[in-house]
Amino acid sequence: MRLASVRLDEVDLPLVEPFETSFGVEHQRRFLLVRAETKDGEVGWGECAAAVDPLYSSESVATARWMIVERLIPLLFRLRDPTPEAFSQAAGRFRGHRMAKAALEIALQDLRARTLGRSLSKALGGHRSRIRVGVSVGIQPSVPKLVDRVGRYLEAGYGRVKLKVRPGWDARPVGAVRREYPDLELWVDANQAYPIGAGDRIRAWAEKYGVAQVEQPFAERAVRAHAELARGARFRVCLDESIVDGPSLEDALGARAVTSLNVKVARVGGLGVGISLARHAARNGVPSWVGGMLESGVGRAHNVALASTPPFVLSSDLSASDRYYREDITDPPFVLGPGSTLAVPRGPGIGVEVMERTLRKHRRSSRTFRQ
Ligand code: OSB
Ligand code: MG
């Protein structure tokens with residue numbers, strides 16, 4: 001595989017509705033899109049999940065752009081055989097910048113799968129033709145609006161709901177949703193919003209309202225606080241932001257601070273690492289699922305392929321295209337099927353095509369780098 005060029009676009013895609021978390025509100029998603037082309041004209045796509053502001057993690061569109069343009073593309077062009085593994089290994093000499101690294105790693109994964117004429121799912125060892133999914137529901141302006149929003153997602157066919165929570169938006173909204181939907185599989189995600197010491201209060205409402213999983217209540221580094229919450233809990237304690245690599249997973253497993261693992265391709269730096277982390281968690285009795293970052297169809301297709309591989313056993317945060325965007329940049333759209341599932345595309349690579357005309361409509365800039 002010889003690379004000819006890498007194109008980096010910056011895209012603004014309006015969300016169907018604002019998405020609010022404990023760290024802020026997003027009305028549209030601005031992201032970097034990678035298009036890597038080989039000398040034979042084969043193309044692979046990647047998406048960078050970093051947002052405009054460094055709120056979820058320390059990366060942003062600007063830091064990712066700098067990293068990709070100034071360091072990772074030059075590094076990629078120096079590789080004799082640019083496989084995803086060779087790229088990840090070479091990029092490993094730079095610390096952090098995992099979302100930037102992931103954008104290129106996943107483009108190379110797509111490219112290799114297409115070159116082999118296989119679906120990305122198959123190339124990664126996927127064995128599922130459909131994956132179970134749920135929907136992540138942002139903080140709403142009021143409790144009745146939340147109950148109504150959840151109701152509409154249930155009507156649309158979602159079988160599992162994750163509510164974004166934060167101090168002041170927890171027991172009341174979670175209780176209201178539980179009363180309205182007694183049998184619903186309910187998860188919550190705080191994105192690090194609670195002080196360590198809030199564990200007893202979280203435990204009280206989570207157990208009272210039958211929450212099956214509490215995701216990342218405390219800070220990224222707060223291994224002990226998560227372990228204390230997990231001890232004897234009737235819900236799983238899921239880690240998202242805390243797990244960025246092998247050692248952070250090892251520490252969390254050793255401390256019994258994690259009983260469910262959210263694997264985000266972007267957060268861990270690529271599909272290769274994502275699979276190995278989930279395998280390692282599974283060997284230690286901890287189930288994994290694939291988390292989302294409101295990706296466009298490109299990033300979501302990568303996430304769907306990942307979720308089709310054996311270690312991912314819980315429902316993933318991968319909803320249908322129309323839950324995120326009125327007009328996505330890929331075709332065909334992801335649609336919700338029976339049993340709250342998405343079909344895993346069977347075509348070569350990520351199995352969806354980027355619609356260049358739609359992309360151009362939403363593109364703010366585009367730069368092509370040639371080998
Ligand atoms: O913590 O899972 C999260 C979106 C942006 C940043 C962080 C998170 C999320 C989500 C969205 O929950 C899940 C999705 O893409 O459907
Ligand atoms: Mg999360």
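Only bridges with both residues in the chain count here: give the DSSP antiparallel percent, nearest 5.
Values: 35 of 57 bridges.
Antiparallel bridges: around 60 percent, rounded to the nearest 5.
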Worksheet entry | the chain: angle of helix 171-180 to the longest principal axis, Cα-based, in degrees nearest 10 | 90
Worksheet item: Going by alpha carbons, how many degrees (0 to 90, nearest 10) lie between the helix axis of 297-307 and the longest principal axis of the chain?
Response: 70
Practice prompt. Working from Cα positions, state the angle (0 to 90°, nearest 10) between the long axis of helix 98-115 and the longest principal axis of the chain.
Written response: 60
Worksheet item: Hey, in the GNM for the chain with a 10 angstrom Cα cutoff, which one of Asp183, Asp331, Asp245 fluctuates hardest?
Response: Asp183
Practice prompt. Might you work out the accessible area of Ser365 for me, using a 1.4 Å probe with all protein chains in place, and round it to the nearest 10 Å²?
Written response: 50
Worksheet item: Residue by residue through the range 258-272, which ³J(HN,Hα) values in whole Hz follow from phi under the Karplus form 6.51 cos²θ - 1.76 cosθ + 1.60 (θ = phi - 60°), with glycine and proline marked x?
Response: 9, 10, 7, 10, 8, 9, 10, 3, 5, 5, 9, x, x, 6, x
Worksheet entry | Formal net charge of residues neighbouring Ala222 (Cβ-Cβ distance under 12 Å; K, R +1; D, E -1) | -2
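Do the sum for the chain: with -39,500 (n - 2.57) for every DSSP H run of n ≥ 4, divided by all residues, what is the mean residue ellipticity at 222 nm, to the nearest 500 deg cm²/dmol?
Working: 15 runs with 132 residues, N = 371.
Calculated at 222 nm, the ellipticity per residue is -10000 deg cm²/dmol.
In the chain, carbon and sulfur make up what percent of the accessible area (probe 1.4 Å)? If you can, show how the numbers build up before the last one.
Details: 7480 of 15300 Å².
Taking all protein chains in place, the chain shows 49 percent carbon and sulfur surface.
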Worksheet item: Which of the residue pairs Lys39/Lys264; Lys164/Lys361; Lys101/Lys122; Lys208/Lys264; Lys122/Lys164; Lys122/Lys361 have a Cα-Cα distance greater than 27 Å in the structure shown?
Response: Lys39/Lys264; Lys164/Lys361; Lys208/Lys264; Lys122/Lys164; Lys122/Lys361
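What does the charge count near His302 come to, summing +1 for each Lys or Arg and -1 for each Asp or Glu among other residues with Cβ under 9 Å from its Cβ?
On the way: positive: Arg300; negative: Glu47, Asp110, Glu295.
Taking every other residue near His302 into account, the sum is -2.
Find the accessible area per residue for the chain; the probe is 1.4 Å, ligands and nucleic acids are left out, and the unit is Å².
Numbers: 15300 Å² over 371 residues.
Accessible area per residue: 41 Å².
With a ≥ b ≥ c the root eigenvalues of the C-alpha gyration tensor of the range 122-343, is it rounded (a/c under 1.5), prolate (a/b larger than b/c) or oblate?
Numbers: a/c = 1.81, a/b = 1.07, b/c = 1.69.
Cα axes put the range 122-343 in the oblate bin.
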Fill in: Summed side-chain charge close to Ala171 - residues other than Ala171 whose Cβ falls under 11 Å, Lys, Arg +1, Asp, Glu -1
+3
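The values are calculated or read from the model by the stated rules, or taken from the named source; none is laboratory data. In this text, all values refer to a predicted model and were calculated from it rather than measured experimentally. Methodologically, a virtual Cβ is constructed for each residue, glycine included, from the backbone with ideal geometry; neighbour enumeration extends over all protein chains shown. Ligands, DNA and RNA are excluded from the accessible area calculation, which covers all protein heavy atoms including side chains. Shrake-Rupley method; radii C 1.70, N 1.55, O 1.52, S 1.80 Å.
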